[in-house]
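Data block below; observations after.
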């Protein structure tokens, strides 16, 4: 079995047998990794603590003959203690890693996705923003090839009267196709900032009803793409 090294963020873990855990990670080079951590449930060790969700690690794994690899060594890069000690920050952090777990398929690593994931967790650890979660979701959708059309109606190309947002069309629609969800000018402006790469501008905004609107639209887009709800995105108010 070949041995490899990578940097990875823990997305999820679950029990295996009486003593082991399966760990789901997203790595720089290997993308989605599922690996067995042997014996971590028998004793309380730093090794096991590092393999909890929202942990950024250097890992060494044996590549197994099946889809499950075997964790050999881990070293902490950042464990995000502030996120894990604050319930509201933890909810956001769990939402971020669960979206990666649900949305990103098994493939080789994507450095843009990895940087986006680590940057979102690092920002959450240092200074939370009302728009952090929605900013992360809209940027991730863009990386996955789902960019919202904000300049004209996705149904007919009309550039005026854009008052609604279509989940199925991933963009604005005019009043002639107004069966979609109504969207405010403020929400269009914020989504435009994020889509144009001005995420810092969005993160600097204070909380308002627009934040909830932008967030709900992003969540709907993600869940429309994967065809089911992401549980962590509905754990109370963000």
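Read the figures in this text as sums done on the coordinates, not as results from a lab. Because the structure is a prediction, the values reported are computed rather than measured. A quick note on method: Cβ atoms are made from the backbone with ideal geometry, for glycine too, and the neighbour counts reach across all protein chains shown.
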With R₀ set to 25 angstrom, the calculated FRET efficiency between the beta-carbons of residue 88 and residue 182, to the nearest 0.05, is 0.30
For the stretch 3-81, just run the numbers: alpha carbon Rg, then divide by 2.2 N^0.38 Å, N being how many residues it has. 0.97
Between the Cα axis of helix 209-226 and the main Cα principal axis of the chain, the angle (0 to 90°, nearest 10) is 60 degrees
For the chain, what is the mean residue ellipticity at 222 nm derived from helices alone (per DSSP H run of n ≥ 4: -39500 (n - 2.57); sum divided by total residues; nearest 500 deg cm²/dmol)? -11000 deg cm²/dmol
Nearest-ten-degree value, helix 87-103 long axis tilted from longest Cα axis of the chain: 90 degrees
Within the stretch 64-100, list the residues whose amide N lies under 16 Å from a label point set 7 Å along Cα→Cβ of residue 14. 67-69, 98-100
Semi-axes (Å, rounded, descending) of the ellipsoid equivalent to the chain per its C-alpha gyration tensor are 37, 18, 14
Distance between the C-alpha centers of the stretch 170-238 and the stretch 29-54? Whole Å please. 34 Å
Measure nothing fancy, just the Cα-based angle from helix 185-195's long axis to the longest principal axis of the chain, in degrees from 0 to 90, nearest 10. 40 degrees
What ranking do 16, 133 get, fewest neighbouring Cβ atoms within 10 angstrom at the top? 16, 133
The stretch 129-195: equivalent-ellipsoid semi-axes (sqrt of 5 x gyration tensor eigenvalues, Cα, Å): 21, 13, 9
Apply 1/(1 + (r/R0)^6) to the Cβ-Cβ distance of residue 115 and residue 226, taking R0 = 35 Å, and write down the FRET efficiency to the nearest 0.05. 0.95
Using the 10 angstrom Cβ neighbour count as an exposure proxy, how do 100, 70, 188 rank, fewest first? 70, 188, 100
Directionally averaged shadow of the stretch 72-158, computed from the convex hull of its alpha-carbon atoms, nm²: 8.1 nm²
